[in-house]
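Only the coordinates and a few stated rules stand behind these numbers; no lab work does. None of these values were measured; they are calculated from a predicted model. A quick note on method: Cβ atoms are made from the backbone with ideal geometry, for glycine too, and the neighbour counts reach across all protein chains shown.
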Amino acid sequence: MRAEASPFFFFNLFMALALAILYSTITNMAGIYIASELGGSPEISVYSMVFFGLGNVLTIPLTQLLADRIGVIRLLVYGLLLYTLFSFLCSLAPTFLIFNIFRFCLGLSSGIFFVLCRRILLTFSPPEKVESLSFLMLLSYTLLPILGVSFGAWLAYESFWRWIFYVNELISLPLAAYFWIFFRHTDQKTPHPFTDKLGYFFFVLGIGSIVTGLTVAQEVDWLASSTFIMLMLIGITSFIFFILWELNHPTPLIDLRLFKNPLLSFSLLNLAVLFSSYFGIIILISLWLNIYVNYTPLWIALLIGIMAIAGIVAFLIRKFFLHSFDPRYTLAFAILCMALSCYYSTYFNVEVDFFHLAVARFLSGLGLVLFIYPLLHLSLLSHPKERSHEIYGLFQLTRALFSSLGAGLYVILWQRRQEFFHERLGEGLNVYSQITSEYFQRAVERFNLTSAQATSQLDVFLNQHSTSLALNDVFGFMGYVLVVLFIILLLSFTKKKIHSLINP
């Protein structure tokens with residue numbers, strides 16, 4: 001058997017990709033334990049996910065260039081070695097700030113995997129296996145983040161959060177050794193000059209400043225902070241310059257002229273909204289259940305894992321959905337499933353049972369695993385086949401960027417709505433309120449609480465209900481966004497240019 005077609009080769013390739021995807025969300029619930037030990041708070045535990053995603057975004061555009069210069073296998077090995085190093089440094093981090101710096105570096109080293117693994121798959125895979133392996137690779141982008149949340153929560157709860165990164169080292173080093181020993185001789189180098197260094201500089205400065213500014217905005221008080229204003233001014237100015245530069249550069253690093261095609265713009269708009277909602281869903285439900293509803297990480301992991309069951313369903317019916325009709329029908333079904341899940345979640349409160357949580361998660365999981373393949377298929381249809389590597393790079397760039405933004409912004413929205421409801425509900429709890437008087441009377445007479453203990457418990461109840469109402473609002477907002485996206489999808493059927501590209 002040829003080494004290129006060996007199942008063990010593809011297993012190891014998928015393992016390398018899985019490391020990058022799993023560790024994008026592995027600090028979701030584990031981040032609560034990490035932040036509390038390293039001097040942070042649960043509200044900023046999401047930073048480790050945001051900055052990991054930002055690191056991905058900054059290296060994805062360089063992947064094709066580096067692969068041509070170094071060779072795909074060598075680049076994969078170097079990436080795995082750097083990934084091992086920064087994972088080790090994460091496990092040694094003494095403060096939450098240092099930990100997030102190393103998480104950002106971890107994201108930088110793994111960003112190349114997303115484009116590189118597909119290129120290796122297309123190079124080494126037999127033609128008859130390309131479609132099934134590509135589908136499995138795409139499926140991993142929706143299922144592995146869920147498993148990452150569960151795995152990280154289990155390790156942090158049952159053992160110690162630093163083991164999350166120790167385990168990573170035990171996997172990445174053998175993978176690097178395997179690819180280096182057996183496949184480095186297969187590399188072919190076709191170096192191209194890097195002529196767009198200035199454009200890349202402004203891309204890094206613009207995206208880095210905007211994402212960082214939006215992530216820390218809640219903690220630094222938005223426009224009241226000179227730090228936030230400075231970051232946004234630098235970011236927006238740099239990003240505008242980057243757009244103008246790329247549109248006029250003869251060999252741009254990121255060819256923004258591709259967006260002139262309406263089908264590509266339509267596909268990436270859907271991808272941005274759906275992946276930001278996806279990360280918002282898994283982060284918010286995990287934090288809410290863990291902090292305010294007293295679910296243990298293991299039960300939350302089981303609940304989120306139900307979303308993975310939908311992946312099995314999607315894999316079994318993939319041929320029916322992917323080949324029978326226009327991919328927009330599959331996309332429409334996926335959006336409706338996610339919207340229905342969001343609206344169903346708007347009725348949750350602190351007394352919600354496991355069954356209702358599981359139903360909502362299964363619906364969202366079914367939508368998640370069905371939207372990514374149609375969107376990639378539509379994106380690749382937008383341009384000739386020879387530009388497929390560029391299209392796939394844009395696809396991964398959009399996915400990583402809006403996953404990172406969705407993780408940060410939906411948590412901020414939840415926090416702000418929580419403060420709003422805490423204030424509104426608390427207004428009626430005063431010494432003149434009959435409800436408050438009856439509460440203190442029962443607390444003292446029936447439960448033998450002191451006045452201070454009763455007040456503290458009342459604040460706990462207030463936090464629980466305000467966060468539940470805030471969560472309902474955020475899920476309702478997601479639902480409205482998805483409905484708007486569904487309407488845009490319906491309007492695409494009236495556009496002859498889009499229809500002609502899909503059905504030539």
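Using the alpha carbons of segment 195-252, what is the convex hull volume per residue in cubic angstrom, as a whole number?
Working: hull volume 3.1 nm³, N = 58.
Looking at segment 195-252, the number lands at 54 Å³ per residue.
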Problem set entry | Using alpha-carbon coordinates, inclination of helix 354-381 to the longest axis of the chain, degrees | 30
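Can you give the FRET efficiency for residue 69 and residue 180, using 1/(1 + (r/R0)^6), R0 = 30 Å, r = Cβ-Cβ distance, to the nearest 0.05?
Numbers: r = 18 Å, r/R0 = 0.58.
With R0 = 30 Å, the Cβ-Cβ based efficiency is 0.95.
Can you tell me the relative contact order of the chain? Whole percent, Cα pairs under 8 Å, sequence separation 6 or more. Working shown, then result.
On the way: 690 pairs, mean separation 95.5, N = 504.
Reported as a whole number, the value is 19 percent.
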For this session: Starting from one equal scatterer on each C-alpha and no solvent at all, send me the Debye-based log10 I(q)/I(0) for segment 363-464 at q = 0.19, 0.20, 0.21, 0.22 Å⁻¹, two decimals.
Result: -0.99, -1.04, -1.08, -1.13
Seminar exercise, completed: Answer check: segment 1-150, Cα atoms, Kirkwood Rh, Rg/Rh ratio of 1.02
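Restricting to lysine pairs 8 or more places apart or on different chains, what number in the chain have Cα atoms under 18 Å apart? Walk me through the intermediate numbers first.
Numbers: 129/319; 260/385; 260/495; 260/496; 260/497.
For the chain, the number of qualifying lysine pairs is 5.
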Problem set entry | Phi-based couplings in Hz for segment 57-66 (Karplus 6.51, -1.76, 1.60; Gly and Pro marked x) | 4, 6, 9, 4, x, 8, 4, 4, 4, 5
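Pulled fully out, how much extra length does the chain show between residue 351 and residue 388, if you take 0.36 nm times their separation in residues and subtract their Cα-Cα distance? Mind dumping the intermediate values first?
Values: separation 37, 0.36 × 37 = 13.32 nm, distance 4.91 nm.
That works out to 8.4 nm of additional length.
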Exercise. Tell me, how many Å apart are the Cα centres for segment 370-438 and for segment 46-90?
Worked result: 25
For this session: Would you please report the Å³ per residue occupied by the convex hull of the alpha carbon atoms in segment 260-504?
Result: 136
Exercise. Could you give the Stokes-Einstein D for the chain in µm² per second, using the C-alpha Kirkwood radius, 25 °C, 0.890 mPa s?
Worked result: 102
Problem set entry | Residue-by-residue Karplus 3J(HN,Hα) for segment 145-156, coefficients 6.51, -1.76, 1.60, Hz, glycine and proline x | x, 5, 5, x, 4, 5, 5, x, 5, 5, 5, 5
Exercise. Taking the simple approach of a point 7 Å from Cα along Cα-to-Cβ for both residue 447 and residue 415, what is their distance in nm?
Worked result: 2.9
Problem set entry | Cut-off 13 Å between beta-carbons: net charge of the residues surrounding residue 303, Lys and Arg +1, Asp and Glu -1 | 0
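Net charge within 11 Å of residue 179 by Cβ-Cβ distance, Lys/Arg positive one each and Asp/Glu negative one each, not counting residue 179 itself?
Numbers: positive: 74, 184; negative: 187.
Summing Lys and Arg as +1 and Asp and Glu as -1 gives +1.
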Problem set entry | ³J(HN,Hα) computed for each position of segment 193-205 - Karplus, 6.51 cos²θ - 1.76 cosθ + 1.60, integer Hz, glycine/proline x | x, 8, 9, 10, 5, 5, x, 5, 4, 6, 5, 4, 5
For this session: With a point put 7 Å past each Cα toward its Cβ, work out how far residue 224 is from residue 459 in nm, to one decimal.
Result: 1.9
Exercise. Cβ under 11 Å from residue 87's Cβ, residue 87 left aside: what net charge do those residues give with Lys, Arg +1 and Asp, Glu -1?
Worked result: +1
